[in-house]
Amino acid sequence: MANGLTPLTELEAINEILATSSESPVSTLEENQVIDASLAMNTLRATSVEVQTVGWNYNSEDGVSLTPDQNGEVILPPNVLRVDTSGESASTNAVQRGPRLYDKGNRTYQFTGNVTVDWVLGLDFEELPSTARMYITIRAARKYQDRYFGDQSTHSYSAQDEQIARAAMLQEEMDSNDANMLADSQFMIKLRGRS
């Protein structure tokens, strides 16, 4: 039976950020909104990119096969935050340059076949797990307060609030990763290689 509780929306997150500086909430994310809401939205989105670029289980994909287009170029989706060649393409030193993959070893954007990559994608706020939304909101609220107001007497989140939210997000990451510490740790891999 649903109780009506849902994860934080982007609008609610922006209003939470505005509340840290006693600003009035907004009812829409339309472009012609008040400056404070626009600054809060920009801070939230920049913080979301910062947090997501690290790469988490929810926004990372391994072994993605990319096919060059008719010009031999590999065009990446606009929301790729990080990319690295992997699998059979691991020996190719390719990096992201704008929307394209660039082969540094051969100094070209041209690829003759499929390229396998691991990538980190930037997801919209509503696509993130609830713990990530909370952590990003609290972190963005602290940054917003520090950048635009810097008044310690106004309500703002503490470093402890941010650490608690980060710990919850890390716990969800460990739970969703289904990692076996003994089987997956680099230390155990090295130990098995010695036998």
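The values are calculated or read from the model by the stated rules, or taken from the named source; none is laboratory data. Model, not experiment: these values are computed from the prediction. For neighbour counting, all protein chains shown are included, and Cβ atoms are generated from backbone atoms with ideal geometry for every residue, glycine included.
Hey, does the range 19-31 have a residue that's in a helix (DSSP H, G or I), in contact with a strand residue (DSSP E or B) (Cβ under 8 Å, 6 or more places away or on another chain) and among the hydrophobic types (A, V, I, L, M, F, W, C)?
Taking every residue of the range 19-31 in turn, none turns out to be in a helix (DSSP H, G or I), in contact with a strand residue (DSSP E or B) (Cβ under 8 Å, 6 or more places away or on another chain) and among the hydrophobic types (A, V, I, L, M, F, W, C).
Quick one: is T6 without any contact (Cβ under 8 Å) to a residue 12 or more places away in the chain and closer than 24 Å to G122 by Cα?
yes
Condition test on N59, is it at pLDDT 95 or above, within 20 Å of the chain's Cα centre (by Cα) and either within 30 Å of A132 (Cα to Cα) or of a type outside the set (F, W, Y) (or both)?
yes
Quick test for you: out of V64, V49, V34, pick the one residue that is hydrophobic (A, V, I, L, M, F, W, C), more than 24 Å from Y135 (Cβ to Cβ) and in the same structural domain as F149 (by TED's automatic domain parsing).
V34
Hey, among the residues in the range 101-128 that are surrounded by 17 or more Cβ atoms within 10 Å (Cβ to Cβ) and of a type in the set (D, E, K, R), which one's farthest from N42 (Cα to Cα)?
Step by step, filter the range 101-128, then rank; the result is D103.
Filter the range 122-142 for residues that are more than 18 Å from A168 (Cβ to Cβ) and in contact with a Lys or Arg (Cβ under 9 Å, 6 or more places away or on another chain) and give the result.
Matches in the range 122-142: E126 only.
How many residues does the range 1-54 contain that are hydroxyl-bearing (S, T, Y), surrounded by 19 or more Cβ atoms within 10 Å (Cβ to Cβ) and more than 27 Å from P78 (Cβ to Cβ)?
Number satisfying all stated conditions: 1.
Of the residues V80, V74, which single one is closer than 23 Å to S130 by Cα, in contact with a Phe, Trp or Tyr (Cβ under 6 Å, 6 or more places away or on another chain) and in the same structural domain as Y102 (by TED's automatic domain parsing)?
V80
Can you pull out every residue in the range 9-18 that is assigned to a helix (DSSP H, G or I) and touching a residue at least 40 places away in the same chain (Cβ under 8 Å)?
E10, A13, E16, I17, listed by residue number.
Could you grab me the full set of residues in the range 76-109 that are acidic (D, E) and under 18 Å from the mean Cα position of the chain (by Cα)?
The answer is D84, and nothing else.
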